[in-house]
Amino acid sequence: MLYQIYEAHRSLMEPFAEFAQAASKLYSNPLSPFAQFPSAQRVSAGYDLIYRLGKDYEKPQFGIKRVDVDGVGVAIDERIELEKPFCELRRFKRFSDDPATLTKLKGQPAVLLVAPLSGHYATLLRDTVRSMLGDHKVYITDWKNARTVPLEQGEFHLDDYVNYVQEFIRHLQGKYGNCHVISVCQPTVPVLAAISLMATRGETTPLSMTMMGGPIDARKSPTAVNNLAMNKSYDWFENNVIYRVPTNFPGSGRRVYPGFLQHSGFVAMNPDRHMTSHYDYFKQLIAGDDASAEAHRQFYDEYNAVLDMDADYYLETIRVVFQEFQLVNGTWDVRNPEGKLERVRPEDIQTTAHFTIEGELDDISGSGQTEAAHDLCFNVPKSRQKHLEVKGAGHYGIFSGRRWRDVVYPQLRDFIRQFHEVPAAKPATTGQRAAPRGKAAVAAERRTPSTARTRVAASARAPKKTSRASGK
């Protein structure tokens with residue numbers, strides 16, 4: 001009943017939010033007589049804040065219409081490349097009238113950017129997409145709000161997520177010969193599983209995979225998020241956070257983890273910070289600081305827009321990733337589209353270069369959790385592995401904002417270019433599994449200290465500017 005009560009409350013508050021918006025404009029419009037009152041700006045700011053606290057936040061748009069490629073303006077056409085019941089593979093097609101630029105665009109690498117399905121929409125990676133469009137052909141997984149998916153479309157499981165990723169990789173490989181894959185936060189686990197399964201079958205795997213701030217091994221440096229998932233039982237989550245979608249949505253009756261509960265959890269992690277931010281917004285409106293006020297709106301338009309997750313997917317993620325640690329324990333079996341169970345074996349990956357990225361101050365995926373992928377993929381040559389810890393960066397800072405643009409992206413761009421121009425040779429065991437290894441040898445590999453790998457200490461200071469290189 002909680003979801004129904006929430007929806008009833010939201011519907012009841014909607015007229016009041018609209019009234020607050022209208023009143024705010026009434027006291028701020030210079031042509032309105034109410035704007036001449038001594039405290040008009042303060043009253044307008046108060047109504048505006050009430051409106052933003054009470055409004056319903058819809059799915060944001062990417063809104064990327066143009067990017068610069070070496071100083072030349074390139075138009076962006078956002079389109080749906082593939083559509084699945086729970087996801088759209090979205091492409092950012094680039095157009096240019098300049099022949100030299102067009103030739104450059106055609107030769108740049110294709111990248112599959114796998115967005116997290118953990119509360120927010122894929123538009124959370126808008127800054128990531130915008131940066132990458134100058135040097136790459138960019139595709140992104142745009143996950144659907146489960147409450148909009150009718151029951152007849154079936155359920156969505158963690159196995160389905162893995163199968164979707166494999167289908168999208170094969171699609172890009174069919175168009176471009178091969179591609180690179182980037183996963184941010186939650187999808188690092190299913191993406192590693194998808195590529196592992198492809199390697200085990202002897203399929204062509206992506207040229208590179210980049211994993212950013214994800215819970216590959218959630219046992220390392222556990223955060224508050226990890227502790228909640230580990231300290232509560234599977235039954236607790238099923239009984240306390242799973243509800244059915246109300247009748248006013250297309251997905252009526254579907255079991256979901258509602259977005260409004262997820263948003264409450266996000267806010268509860270840093271309540272003081274959000275209260276301060278809203279009070280600062282109120283003061284910015286009074287002071288007429290339009291630029292700062294607009295930055296606040298843009299951030300919270302994204303932050304407050306959340307989606308429902310299918311219950312099966314959410315609960316299986318809790319169990320597989322945060323409670324049983326099946327990926328790192330080597331016990332994860334994924335059901336393929338034909339219904340057959342396949343064991344996830346990251347050690348079968350031999351040619352796909354991988355790059356792990358962590359934020360020094362990440363309070364969602366702790367230190368070492370993403371880097372653990374190197375221990376699992378021990379058959380990938382050390383020369384094709386790289387790790388980056390971004391000094392001074394939190395979780396969002398590794399894929400959005402100044403540190404992403406100045407520290408992370410230049411190294412990611414160069415990493416993709418390196419292994420796009422010189423792809424690895426096919427393994428000798430093409431079509432077969434990697435050669436079996438004794439337990440002692442595997443254990444020894446997994447105990448290899450991370451310092452034996454290529455490791456980069458990134459400073460928060462921006463690097464010296466260089467001429468922009470081409471790459472799609």
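The table that follows gives values for the structure above.
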quantity: Flag for L53 being farther than 30 Å from F92 by Cα and within 28 Å of the chain's Cα centre (by Cα); calculated: yes
quantity: Condition check for T210: at pLDDT 95 or above, within 17 Å of V344 (Cα to Cα), in the same structural domain as P116 (by TED's automatic domain parsing) and of a type in the set (V, I, T); calculated: no
quantity: Residue under evaluation K55, criteria (1) more than 18 Å from R297 (Cα to Cα); (2) buried (at least 17 other Cβ atoms within 10 Å of the Cβ), criterion not met; calculated: (1)
quantity: Matching residues in region 261-298 - criterion: being farther than 26 Å from D310 by Cα and of a type in the set (S, T, Y); calculated: T276, S277, Y279, Y281, S292
quantity: Which listed residue, of D68, D48, is out of contact with any strand residue (DSSP E or B) (no Cβ under 6 Å at 6 or more places or on another chain), of a type in the set (D, E) and assigned to a helix (DSSP H, G or I); calculated: D48
quantity: Which numbered condition L113 misses (of (1) over 23 Å from Y314 (Cβ atoms); (2) modelled with pLDDT of 95 or more; (3) hydrophobic (A, V, I, L, M, F, W, C)); calculated: (1)
quantity: When residues of region 130-157 are limited to those that are part of a helix (DSSP H, G or I) and touching a strand residue (DSSP E or B) at 6+ places or on another chain (Cβ under 8 Å), the one surrounded by the most Cβ atoms within 10 Å (Cβ to Cβ); calculated: A146
quantity: Candidates A460, A444, A428, A440 - the one that is over 24 Å from the mean Cα position of the chain (by Cα), hydrophobic (A, V, I, L, M, F, W, C), at pLDDT below 85 and assigned to a loop (DSSP other than H, G, I, E, B); calculated: A428
quantity: Residue within region 333-342 that is crowded, with 21+ Cβ neighbours inside 10 Å, assigned to a helix (DSSP H, G or I) and touching a residue at least 40 places away in the same chain (Cβ under 8 Å) present; calculated: no
quantity: In region 224-243, residue modelled with the highest pLDDT [restricted to those that are buried (at least 19 other Cβ atoms within 10 Å of the Cβ) and not hydrophobic (A, V, I, L, M, F, W, C)]; calculated: Y243
quantity: Enumeration of residues in region 191-223 that are surrounded by 24 or more Cβ atoms within 10 Å (Cβ to Cβ) and without any contact (Cβ under 8 Å) to a residue 60 or more places away in the chain; calculated: A194
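The values are calculated or read from the model by the stated rules, or taken from the named source; none is laboratory data. What you see is a predicted model, and the numbers here were worked out from it, not measured in a lab. Quick reminder, even Gly has a Cβ in these numbers, built from the backbone with ideal geometry, and neighbours come from all protein chains shown.
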